[in-house]
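Accompanying notes for the structure given below.
The values are calculated or read from the model by the stated rules, or taken from the named source; none is laboratory data. Everything numeric in this text was worked out from a predicted model, so none of it was measured. So basically every Cβ, Gly included, is an ideal-geometry build from the backbone, and we count neighbours across all protein chains shown. The area values use the complete protein model at the heavy-atom level, side chains included, leaving out ligands, DNA and RNA. Shrake-Rupley method; radii C 1.70, N 1.55, O 1.52, S 1.80 Å.
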Amino acid sequence: MSVWHIEGGRRLSGSVAVQGAKNAVLPIMAASVLAPGETELTNVPELRDVDATIRILRGLGCGVERSGDIVRIDSAYIARSEIPHSLMRELRSSVVFLGALLARCCHARLSMPGGCELGPRPIDLHLMALRALGAEIDERAGELICSTPNGLRGAAIALPMPSVGATENAMLCACAAEGETVIMNAAREPEIAELQGFLNALGAGVSGAGSATVRVRGGALRPFRVGHRIMPDRIVSATYLAACAAAGGDVELRGVEPRHFSTVLHSLSECGCDIITTGCSVRLRSAALLRAPMPVITGPYPAFPTDAQPLMLAACLKAKGTSVFVENVFQNRFRFTEELTRLGARIHTEGRVAVVTGVDALHGAPAVATDLRGGAALIIAALSAEGATDILDSGHVERGYERFDERLGELGAEVSLRDK
Ligand code: EPZ
């Protein structure tokens, strides 16, 4: 258990190089087992989720070495196709290994990933897609026992909703399916295009990522040696900008892709922030006297990202007027707001809607991080509060933010992270 201690009221200023994207590196590390090969990934963030994925790869029999932001994976030999329950519990998104292991080993065994702090996290769409490709999946006693007795064959897969994880699992498994697979109503997030680029570097034939229809020509993978630089994290980018908007200041992000979070930039601009973008940087200036933006309505990309909803909500706690947030992706993504009210925020939630009434001031208070982005939202609120805040965190924030305390300190914040 850790405690984030934050002395609020300090403006942020300076420049920060944004880390590699957690939600891009995880499926790419799973993809590295698709065929015997050597993978060298750069710009890999130092995160708990990446550490857990490295443990999963080693458990499968891969050689994995890490040196700074470089991770090297040797997938020449896969000893087993099972992921133990302890690792599945630690990282529910490791379900994306299912498609990769079926493609490489023709069988896989892992426990059902649990729900999480955002509400139920079913994987029915993942299983539907893999079954369409020929997988036989037995759901027994909380385990998924999967095999491909008749091999994998290309299929037309129509996703009822553009699930990111189901799209990724289908893409990975389809790489070993004979013939063409068409994934309709595919997720369009930038991380899907990043995965397509990596798969094609392995020799796969993937196209259409970023659109609603992804095509995979299967059966093309051979032993490989590949290098790949992980794209910048668009949600971490949004986090630093929301923190500067809330606390006030002048912050520049380096090595980012502004078009990946243009909806967030638009909302922050509506709040009254000055924003200057180039192809790979964003500079935000804020006097911390914000006004309420137009309603923030989350949805599948390119809509406003659900992961940035808590961050934007925290930035609007003192905005003049009433800010409205509609969460259309997860059922229970407002739990963190209860903790924000401890700092004096005025928030009313009703189902998928949160209404924030701007207050003149927030005051530091003890609080608890409920989840990854909810914890980041609490830190943003604490930075803009008067006085000190202690946030109890069971490791949520460190799952997705690399050296966040150091980076905020370099921008002028007074933040310390200590074990409790
Ligand atoms: C990915 O989760 C991200 N995680 C999430 O980021 C992100 O919030 C989400 O996509 C949406 O953008 C990773 O990439 C590791 P989904 P994923 O499948 O793949 C329902 C963060 O903070 N659904 O697009 O799990 C599901 O319950 C995390 O970095 C089904 O009903 O998201 C949810 O309501 C949080 N059946 C909605 O779809 C399924 O089989 C979106 O889920 C799969 C999903």
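Structure notes:
- Cβ-based charge dipole, the range 215-290, positive-most Cα from LEU284, VAL236, HIS266: VAL236
- Gyration tensor verdict on the range 317-420 (Cα atoms; rounded if a/c is under 1.5, prolate if a/b is larger than b/c, oblate otherwise): oblate
- Alpha-carbon centroids, the range 332-401 and the range 79-155: separation in whole Å: 34
- Cα-based equivalent ellipsoid, the chain: semi-axes from gyration tensor eigenvalues, Å: 38, 21, 20
- Per residue, the range 235-329 exposes 35 Å² of solvent-accessible protein surface, assessed with a 1.4 angstrom probe and all protein chains in place.
- With the charge dipole of the range 22-229 set up from +1 on Lys and Arg Cβ and -1 on Asp and Glu Cβ about the Cα centre, the Cα lying farthest toward the positive end among the listed residues GLY219, CYS62, ILE123 is that of GLY219.
- Global geometry of the range 22-229, whether rounded, prolate or oblate, following the gyration tensor of its Cα atoms and the 1.5 cut on a/c: rounded
- Using alpha-carbon coordinates, inclination of helix 48-60 to the longest axis of the chain, degrees: 10
- Loop sites in the range 46-80: trypsin sites (Lys or Arg not before Pro), DSSP, at most 14 other Cβ within 10 Å: ARG80
- Of the accessible area of the chain, computed with a 1.4 Å probe over protein heavy atoms only, carbon and sulfur atoms account for 49 percent.
- Neighbourhood charge, 14 Å Cβ-Cβ cut-off, centred on ARG131 and excluding it, Lys, Arg +1 and Asp, Glu -1: -3
- Here the chain is assigned +1 on the Cβ of each Lys and Arg and -1 on the Cβ of each Asp and Glu. Its dipole about the Cα centre then comes out at about 520 debye.
- Put simply, when 169-176, 288-295, 332-339 are sorted by average Cβ atoms within 10 angstrom per residue, most first, you get 169-176, 332-339, 288-295.
- Average accessible area per residue (Å²) across the range 22-229 - probe 1.4 Å, nucleic acids and ligands excluded: 38
- For the range 1-36, there are no residues whose amide N sits under 11 Å from a probe point set 7 Å from the Cα of ASP360 along the beta carbon direction.
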